[in-house]
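The values are calculated or read from the model by the stated rules, or taken from the named source; none is laboratory data. Since the structure is predicted, the reported quantities are computational estimates derived from the model, not experimental observations. Here the Cβ positions follow ideal geometry from the backbone for every residue, glycine too, while neighbour counts run over all protein chains shown.
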């Protein structure tokens, strides 16, 4: 059985072809929209450093790209991620795969929630605002649940021998890279502790790439 078909059996919602295509498209769109928003919004700030500044700085309160980044970099990709998680979860043929789909969906909702709250301007020396605290909390939940979702998918892929063997190892490598990126980059001398933007981009980048690969696999085997 092909991986795409194996991943989308189960709930009646995912047996509807048009709905399945729509949810699948969300998995393709979320990573691309997020990366595009970061690149475009970053280009609007010559002083901005993709290496040493957080992605959230582009959505900071008072920033010229604040509202655009909130919507295009957080809310819309988050909603699309949640939709793709629904496809993974409802179409799952095993409990572990269902848990993986649920975690991906929660990560998307958390990502969208982070975009609702505008973070404080970069360099703020006062106490974090309520919005900053909520943004950080939602962002942390997004990262943790997406990482756990990929890990659960790795386990599900190992259990279901019908899925391609490399998907298991690719998922494991994704989780390892997402968690260890800061330590690995500093260990080989590529980065310093202050390169938080680089750490964030590598960790989130590999997780978003995993979603793009999974969505592409499912699309290819329709």
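List of remarks:
- Scanning segment 169-196 for residues that are crowded, with 19+ Cβ neighbours inside 10 Å and farther than 25 Å from residue 110 by Cβ gives a single hit, 191.
- Scanning segment 153-167 for residues that are part of a helix (DSSP H, G or I) and surrounded by fewer than 19 Cβ atoms within 10 Å (Cβ to Cβ) returns 155, 158, 159, 165, 166.
- Taken over segment 48-70, the criterion of being without any contact (Cβ under 8 Å) to a residue 12 or more places away in the chain and either in a helix (DSSP H, G or I) or surrounded by 20 or more Cβ atoms within 10 Å (Cβ to Cβ) (or both) is satisfied by 67 alone.
- Lone unmet requirement of (1) under 25 Å from residue 39 (Cα atoms); (2) part of a helix (DSSP H, G or I); (3) more than 19 Å from the chain's Cα centre (by Cα); (4) modelled with pLDDT under 95 for residue 191: (2)
- Answer residue from segment 107-142, given it is assigned to a loop (DSSP other than H, G, I, E, B) and touching a helix residue (DSSP H, G or I) at 6+ places or on another chain (Cβ under 7 Å) and is surrounded by the fewest Cβ atoms within 10 Å (Cβ to Cβ) among those: 122
- So residue 20, is it at pLDDT below 95 and under 21 Å from the mean Cα position of the chain (by Cα): yes
- Which listed residue is out of contact with any strand residue (DSSP E or B) (no Cβ under 7 Å at 6 or more places or on another chain) and modelled with pLDDT of 95 or more, from 104, 86: 104
- Scanning segment 71-98 for residues that are buried (at least 24 other Cβ atoms within 10 Å of the Cβ) and either free of Cβ contacts under 8 Å to residues at least 24 places away in the same chain or outside any helix (DSSP H, G or I) (or both) returns 91, 92.
- Test: residue in segment 111-128 that is closer than 25 Å to residue 216 by Cα and modelled with pLDDT of 95 or more: yes
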